[in-house]
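One structure is given here, and the rest of the page talks about it.
The values are calculated or read from the model by the stated rules, or taken from the named source; none is laboratory data. Small disclaimer: the values here were computed from a predicted structure and weren't measured. Cβ atoms come from the backbone with ideal geometry, glycine included; neighbour counts cover every protein chain shown. Ligands, DNA and RNA are excluded from the accessible area calculation, which covers all protein heavy atoms including side chains. Shrake-Rupley method; radii C 1.70, N 1.55, O 1.52, S 1.80 Å.
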Amino acid sequence: MIQEQLKKVLEEIPSYVTLVAVSKTKPVSSILEAYAAGQRHFGENKVQEMVDKAAQLPADIQWHLIGHLQTNKVKYIAPFVALIHSVDSLKLFLEINKQAVKNNRIIPVLIQFHIAQEETKFGFSIEEARIMLESEEVKSCSNIRIDGVMGMASFTENEQQIRTEFRTLKSYFNELKSTVFNHQEHFTICSMGMSGDYKLACEEGSTMIRVGSSIFGLR
Ligand SMILES: *Cc1c(COP(=O)(O)O)cnc(C)c1O
């Protein structure tokens, strides 16, 4: 069942879009089913859960931290995390760099933007992000690499609104790529789209989708 659902999602998206299978709350056995079908990118939103699962699963899995991350928990995932999608403060950014230095590695991250109308979703505004990304404090971080942007659309049936929000995120991506990041090769990721809206997200220029329930079933 998981393998069929995975195949279905993959068939619906362009080949340049990376699928992150969001396995939060799902058992290791479900992850192994997807792994057996060739899936290697998995997303979790809780640090402890990711650490526990990573210890039990093949080492070539790429672990994506997708939810709000507390500064005091960065140290637990710093040795192995493949991509942190949810950098939503300067404090978190600096802590990730610090832990990356300690682990003698470069940690790739995305800058999370607040694009939804709901107040509860984390993330920067474009003005805040510009200021942060152009600060000397951020520019001097040696062990963190910003690979792109991430955002979540409003939870709504209004397709036009979702589209507008994704379009906004893509415009932030394009702006930052041509300004702050000066077309650096690694700045390629626009992480947007979940089970309910990944097709819209792909149409609006997503390069990475985060899909849970459409693959693993309802949580
Ligand atoms: C849970 C989660 C997803 C996946 O949600 P589904 O609706 O199950 O596809 C994607 N992104 C984030 C940040 C999440 O927390």
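Below are the figures for this structure:
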| quantity | calculated |
| --- | --- |
| Centroid-to-centroid separation of segment 55-70 and segment 157-186 [C-alpha atoms, Å] | 25 Å |
| When each of Lys8/Lys199; Lys46/Lys199; Lys26/Lys46; Lys75/Lys98 is checked by Cα-Cα distance, pairs over 21 Å | Lys46/Lys199 |
| Around Cys141: net Lys/Arg minus Asp/Glu count, Cβ-Cβ under 12 Å | 0 |
| Low-density loop positions, chymotrypsin sites (Phe, Trp or Tyr not before Pro), segment 135-214 - DSSP coil, at most 15 other Cβ in 10 Å | Phe155 |
| Added length on full extension, which subtracts the Cα-Cα distance from 0.36 nm per residue, Val101 to Ser195 | 30.3 nm |
| Dipole moment magnitude, nearest 20 debye, segment 131-181 about Cα centre, only Lys, Arg, Asp, Glu C-beta charged | 180 debye |
| Within the accessible area of segment 72-123 (1.4 Å probe), percent carbon and sulfur | 52 percent |
| Two-site label geometry, Ser15 and Ser213: point separation in nm, points 7 Å out along Cα→Cβ | 3.2 nm |
| Bridge type composition, segment 32-120 - antiparallel percent by DSSP, nearest 5 | 0 percent |
| Highest to lowest packing among 29-41, 2-14, 141-153, scored as the average C-beta count within 10 Å | 141-153, 29-41, 2-14 |
| Total charge dipole magnitude, the chain, about the Cα centre, Cβ charges on Lys, Arg, Asp, Glu only, Debye to nearest 20 | 660 debye |
| Per-peptide average of other Cβ atoms within 10 Å, ordering 188-194, 22-28 highest first | 188-194, 22-28 |
| Rounded if a/c under 1.5, otherwise prolate or oblate - the chain, Cα gyration tensor axes | oblate |
| In nm, spacing of pseudo-spin labels at Thr25 and Asp52 (7 Å Cα→C-beta vector) | 1.5 nm |
| Contour minus Cα-Cα distance for Lys75 and Ser125 (0.36 nm per residue) | 15.3 nm |
| Cross-link partners of Lys91 among aspartates and glutamates (Cα-Cα below 20 Å; sequence separation of 8 or more within a chain) | Glu127, Glu128, Glu134, Glu136, Glu137, Asp147 |
| Charge dipole (the chain, unit charges on Cβ, about Cα centre) - positive-most of Leu200, Val180, Val81 | Val81 |
